[in-house]
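J.: I'd like to ask you about the structure that follows.
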Amino acid sequence: MSDVEIAPTHDWNGDSGTRWAANLARLDMMLEDFGNAALAAASARPDEHILDIGCGSGTSTFPLAEQVGAGGHVLGVDISEQLVEIARAAAPADAAVEFRCADAATAALPAGSFDLLFSRFGVMFFDDPVAAFAHMRCALKTGGRLAFVCWRGAQENDWVRLPMAAIRDIVEPVPTDPTAPGPFAFGDRQRLADILAAAGFTAIDIAPLDTTISYGRGSTREEAVDDALDMAFQVGPLARALADQPADIREKASVAVREAFAKRPGATSVLIDGAAWIVTARN
Ligand SMILES: C[S@@+](CC[C@H](N)C(=O)[O-])C[C@H]1O[C@@H](n2cnc3c(N)ncnc32)[C@H](O)[C@@H]1O
């Protein structure tokens, strides 16, 4: 058994979506470098038509819309009504964007119409990833591009590795399948390549991206560690693992997780390692 066991449950149109919405600003800060690397790999051009898969509150949809300009169009699709509402409310009046609340795995999409399928961490939650990617590929023009960023394994990502290892002796780990739908479903590079090939994509490139994440911020070191702890308790695998635990267990977990974050460097933030794949492919 790995020392990082992650419960795979995600209720994006319920609790997971609510937690994501409540922590948008800090999540956007945490994910910024990853999103920018995916946008660079996608290299959207003026007049293109783009599908942003699992677009959430639209953080990646808006820069894509700027890149395609008035002659292009970006459709953001997300399964969370709450996040789609936030995205719609934030959309500039003149932006060529549209948001739709739908399951990207099955949503009715115009055949052969997009130049680019893009995603920032929104494609790891499909029950049947081959069927989902094959479905979305049908909406891509011949020769069109796929570009997305997804997490590598939980073991390589401190934002989950540190807190989950810290509570290992406090909360009984639930044995899980590392390939089950969830943030780390695509941690195995070969499995991801096989999924995309089976879905009909070609020229598949899966490149590692390692960055230092500023997880938690504050005007002092203490504040930053507290902020990192609060964030881990609010959103992600630790939050899910502790959701139904009694107060005394949560308190013990809080002490252990705080200690783990406090060991990491950083003056006004907690600097931790983050590991993702930047994935590109063609139709
Ligand atoms: C980790 S969040 C990323 C959100 C956004 N792309 C960002 O970077 O801020 C994953 C997103 O994928 C969405 N999602 C999960 N499964 C989906 C599906 N089958 N169809 C559409 N969206 C989905 C969730 O609702 C959530 O907004």
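J.: Using the Cβ atoms and a cut-off under 10 Å, what net charge is assigned to the surroundings of GLY144, where Lys and Arg are +1 and Asp and Glu are -1?
T.: Result for the neighbourhood of GLY144: +2.
J.: Of the listed peptides 234-240, 169-175, 76-82, what is their order by residue-averaged count of other C-beta atoms within 10 Å, with the highest listed first?
T.: Going by the mean number of other Cβ atoms within 10 Å, highest first, we get 76-82, 234-240, 169-175.
J.: Measure nothing fancy, just the Cα-based angle from helix 247-262's long axis to the longest principal axis of the chain, in degrees from 0 to 90, nearest 10.
T.: 80
J.: If we restrict to alpha carbons, what Rg and Dmax does segment 39-115 come to, in Å?
T.: Cα-based Rg and Dmax for segment 39-115 come out at 11.6, 30 Å.
J.: Sorted by packing (mean other beta-carbon atoms within 10 Å per residue), highest first, where do 12-20, 59-67 land?
T.: Order by mean packing, descending: 59-67, 12-20.
J.: To continue, here is another question. What are the semi-axes of the equivalent ellipsoid for segment 161-260, taken as the square roots of 5 times the Cα gyration tensor eigenvalues, largest first, in whole Å?
T.: With the √(5λ) rule applied to segment 161-260, the semi-axes are 33, 19, 10 Å.
J.: Consider a paramagnetic label point 7 Å from the Cα of ASP248 along Cα→Cβ; state which residues of segment 147-172 have an amide N under 17 Å from it.
T.: 169-172
J.: For segment 65-206, place one equal point scatterer on every Cα, skip the solvent, and apply the Debye formula. What is log10 of I(q)/I(0) at q = 0.12, 0.17, 0.19 Å⁻¹?
T.: -0.60, -1.05, -1.21
J.: Give me a comma-separated list of calculated 3J(HN,Hα) values for segment 206-212, in order, Karplus coefficients 6.51, -1.76, 1.60 applied at θ = phi - 60°, integers in Hz, x for any Gly or Pro.
T.: These are the phi-based 3J(HN,Hα) values: 10, 10, x, 10, 10, 9, 9 Hz.
J.: Follow-up question, since we're still on this one. Under a Cβ-Cβ cut-off of 15 Å, what is the net charge of the residues other than VAL68 that fall near it, where Lys and Arg count +1 and Asp and Glu count -1?
T.: After counting each charged neighbour, the total is -4.
J.: Taking the radius of gyration and the Kirkwood hydrodynamic radius from Cα positions alone, what is the Rg/Rh ratio for the chain, to two decimal places?
T.: Rg divided by Rh gives 0.97.
Taken together, the values in this text are just the output of simple stated rules run on the coordinates, not laboratory data. Quantities reported herein were computed from a predicted structural model and do not represent experimental measurements. Using ideal geometry, Cβ is built from the backbone for each residue, glycine included, and neighbour counts are taken over all protein chains shown.
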